[in-house]
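The values are calculated or read from the model by the stated rules, or taken from the named source; none is laboratory data. Keep in mind the model is a prediction, meaning the values are calculated, not measured. All Cβ positions, glycine included, derive from the backbone under ideal geometry; neighbour counts span all protein chains shown.
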Amino acid sequence: MHLEPPVFRPPSEAYSLILQLTIGCRHNACTFCGMYRGKKFRIKSWAEVQKDIDLCALQMVGMHRVFLADGDALSAPAPLITQTAQYLYSKLPGLERISMYAGPLDILAKTTTELQDIRKSGVSLLYMGLESGSERILKTVSKGVTAAQMVEAGKKAIQAGFELSVTIINGLGGYELWREHATDTARVLSNIDPTYAGTLTLMVVPDTPLYRKIQQGEFKIPGTIDILKELKCLLENVNLTNCVFRSNHASNYLPLRGVLNRDRDKLVALLEQAVSEPDAVPLRPESSRGL
């Protein structure tokens, strides 16, 4: 199978077959992200995709999960996505799940019928990068989408039958906007009420616009305790039905897991202890953090 590097996937897709439906990211302007800076965005042809699947069927017997990449996979035409999913299930007999990245604007660009067709074809889980619920922060980092559009896209995906996993970046508001970042993100997250929510902690990538702002003294990175306080504030303000929550990304200082709101008080108490008694709660050292 031909992959055009670099290739990225969510932590929960560590053992999935990665199939590139698109190359790069169509937006590719977020100030904090360097993932696809060196790639020119394009949508692969069905001939390319079919060839990759045929090779996988021969070489990778027993695959149970497939993740469709790159960053804007849902921007591919709905017929290409459904054809890909149907062909994957026909060629990989043990396949149980297909998932993909889904930008909020890509979700909104698809009609309800198109989303339902994609869901019926076997794509069951979408990953959407919320990053922040603050309008000010979203604009500052050039996310290209408003908080209201985030909510609309998340709800549209869920109503079409998908499980939805939402990602948040702790520290994205810097030292000055940590509380706004936490409370506004909690509000947007609560309005979406996703199936899964995960946090990662800001890792500054060299040669990105955010990196240059830090070098120029225009952005102050929150410290470890500040990050924990921010996450505690976020969890204190969320109101979720039955959302599986994880902060097990390699960038995080304190791995957490639970179901919100059921386990909220327990998680908040652990974060409070980590803030007030740093030596009592083992934290991931700075040298061990990664993207």
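Just a few scattered comments:
- In this entry, Val204 passes the filter for residues that are in contact with a helix residue (DSSP H, G or I) (Cβ under 8 Å, 6 or more places away or on another chain), of a type outside the set (Lys, Arg) and in contact (Cβ under 8 Å) with a residue 60 or more places away in the chain.
- Residues located in segment 20-67, provided they are crowded, with 16+ Cβ neighbours inside 10 Å and in a strand (DSSP E or B): Gln20, Thr22, Ile23, Ile43, Arg65, Val66, Phe67
- Residue in segment 33-40 that is at pLDDT 95 or above and within 30 Å of Leu172 (Cβ to Cβ) present: no
- Just one of the listed residues (Thr140, Thr167, Thr111) is surrounded by fewer than 16 Cβ atoms within 10 Å (Cβ to Cβ) and among the polar types (S, T, N, Q), and it is Thr111.
- Residues that are in contact with a Lys or Arg (Cβ under 7 Å, 6 or more places away or on another chain) and among the acidic types (Asp, Glu) within segment 202-254 are absent altogether.
- Residue check for Phe8: aromatic (Phe, Trp, Tyr), out of contact with any Pro (no Cβ under 7 Å at 6 or more places or on another chain), within 26 Å of Leu130 (Cβ to Cβ) and outside any loop (DSSP other than H, G, I, E, B): no
- Number of positions in segment 217-249 that are closer than 22 Å to Pro194 by Cα and either under 17 Å from the mean Cα position of the chain (by Cα) or not basic (Lys, Arg) (or both): 19
- Considering only residues in segment 125-160 that are of a type in the set (S, T, N, Q) and assigned to a helix (DSSP H, G or I), the one that is nearest to the chain's Cα centre (by Cα) turns out to be Gln149.
- Some residue of segment 222-234 being closer than 30 Å to Ala280 by Cβ, without any contact (Cβ under 8 Å) to a residue 60 or more places away in the chain, of a type in the set (Lys, Arg) and surrounded by 16 or more Cβ atoms within 10 Å (Cβ to Cβ): yes
- Val238 meets the conditions (1) surrounded by fewer than 18 Cβ atoms within 10 Å (Cβ to Cβ); (2) at pLDDT 95 or above; (3) of a type in the set (A, V, I, L, M) in every case but one. The failed one is (1).
- Look at (1) part of a loop (DSSP other than H, G, I, E, B); (2) exposed (fewer than 13 other Cβ atoms within 10 Å of the Cβ); (3) modelled with pLDDT of 90 or more and you find that Leu95 fails only one, number (2).
- Top-ranked residue in segment 161-193 [being part of a loop (DSSP other than H, G, I, E, B) and touching a Ser or Thr at 6+ places or on another chain (Cβ under 6 Å); ranked as nearest to Ser134 (Cα to Cα)]: Leu172
- Counted as qualifying within segment 194-277 are the helices (runs of 4 or more DSSP H) with 2 or more residues that are of a type outside the set (Asp, Glu) and in contact with a strand residue (DSSP E or B) (Cβ under 6 Å, 6 or more places away or on another chain), namely 224-237.
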